[in-house]
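Encoded as C-alpha cells, the structure appears first; notes follow it.
Every number here is computed from the coordinates shown, using simple stated rules; none is lab data. As the structure is a prediction and not an experimental result, all values here were calculated from the model. Glycine also receives a Cβ, built like all others from the backbone with ideal geometry; neighbour counts cover every protein chain displayed.
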Amino acid sequence: MNVLVSCANGAGTSLMMKRSVEKALKSLNIPINRIHHCSISEGKSAAGQYDVVFVPLNFMQMFELAKKKGTTVVGVRNVMNAKEIADRVMSETDLQTRFG
C-alpha cells in the first residue's frame, strides 16, 4: 500500500502521525510499499498518487477531489493513537476489501 500522511505544515505532527500509521498498519499486517508525510498543500496535490491518505479530521474536506479519484482518505482525531488509526482503517470498506 502506498500511504500519504498529511498535516498542517508537514513537519512535527505529520511525522508523529506517520509513525502511528506505520505502527497501526503493522499491527493489521498490512504491508506498506511507500509512506510519505507532508504538508496539507503538498498532500492535496499528491494524494492521487497514493492508495490511502491519513489526515486529522479537521482537514478531511480538503481531500474531496482525491476521494472522487478513488483514494481512500482516513480522518484521525488523535494523530498519535495507533489503535484509533487501526480502528479507522478497519472501518473503511474499500481497505477491508483489499487487505481484510
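Annotations
- Lys-Lys pairs in the chain that are eight or more residues apart or on separate chains and whose Cα atoms lie under 22 Å of each other come to 9.
- Remark on Val73: its backbone amide H falls under 5 Å from those of Val53, a criterion applied only to residues 5 or more positions apart or on other chains, H modelled at 1.01 Å from N.
- Packing-based ranking, highest mean first, of 20-27, 51-58 given that Cβ atoms within 10 Å are counted: 51-58, 20-27
- For the chain, relative contact order (Cα pairs under 8 Å, six or more residues apart, normalised by length) works out to 31 percent.
- Karplus-based coupling profile of the range 36-45, in residue order and whole Hz: 9, 10, 7, 6, 4, 4, 5, x, 4, 7, with θ = phi - 60° in 6.51 cos²θ - 1.76 cosθ + 1.60 and x standing for Gly or Pro.
- Other residues whose C-beta falls under 14 angstrom from the C-beta of Lys23 contribute a net charge of +2, scoring Lys and Arg +1 and Asp and Glu -1.
- Kirkwood Rh, Cα atoms: Rg over Rh of the range 2-99: 0.91
- Available extension along the chain between Met80 and Asn33 is 14.8 nm, counting 0.36 nm per residue and deducting the alpha carbon span.
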